[in-house]
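Please treat every number below as a calculation from the coordinates, not as lab data. Note that the structure is a prediction, hence the values are computed from the model and not measured. Neighbour counts are summed over all protein chains in view; Cβ atoms, including those assigned to glycine, are modelled from backbone coordinates with ideal geometry.
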């Protein structure tokens, strides 16, 4: 991994990219703030979507190019919205994991991560569960997840690492990031670079894979 740069962003919990722009979840407990920020790769704001009326505890976010998909812990659900913020679909996932944290898509499937059962879950976009990958004790507090098509990348808050895994659940490598931020929370890739959110220092970090 090669550090490229970082820039400030307050209270990030999730991040994704459509290739051109970054979409970052911003969450505040007091006062309750649940927003999705569309920013360019220098950190300049393009638009802000308030999603507080949908779920007040937003976590991870992903995009399939056309739609945004994000997870909310308040209602234990996955939400599909358009890029103007209009709600398309809600998928309840609390029966699978009561604490959904991160989400990504490979175009066909959704992959999301929960830290109650410490699992990665694969489902189709209608909400049908395909499989569950138990992560055991790799990292007890998983947060964000992304995919480059071939591999899954996810970060954990307990051991402060980024983990690369194949889609069968085999660990490829682990990268320590605690020296940069002690609460990695959200990760995405544009194919060439990894972008991840650090919630302790409130910044977005860009890395070459």
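Ordering 125, 131 by the number of other Cβ atoms within 10 Å of each residue's own Cβ, fewest first, gives 131, 125. Would you work out the relative contact order for the chain, in percent, from Cα pairs under 8 angstrom that are 6 or more residues apart? Taking the mean separation of contacting Cα pairs over the length of the chain, I get 18 percent. Calculated on the alpha-carbon coordinates, the convex hull of the range 63-117 measures out at 73 cubic angstrom per residue. Over all pairs of different C-alpha atoms, the range 1-42 has a mean inverse distance whose reciprocal, the Kirkwood radius, equals 11.5 Å.
A quarter of the convex hull surface defined by the alpha-carbon atoms of the range 124-168 gives 3.5 nm² as the mean projection. Kirkwood radius and radius of gyration were both taken over the C-alpha atoms of the range 112-206, and their ratio Rg/Rh is 0.96. Each principal axis of the Cα cloud of the range 1-101 was taken in turn, and the coordinate range along them, longest first, works out to 40, 30, 29 Å. Expressed as a whole number of Å, what is the distance separating the alpha-carbon centroids of the range 167-209 and the range 26-69? Taking the Cα centre of the range 167-209 as reference, the centre of the range 26-69 is 19 Å away. For the range 25-68, the Kirkwood estimate of the hydrodynamic radius, built from every pair of different alpha carbons, is 11.3 Å. P(r) tail for the chain: Cα pairs beyond 29 Å make up 13% of the total.
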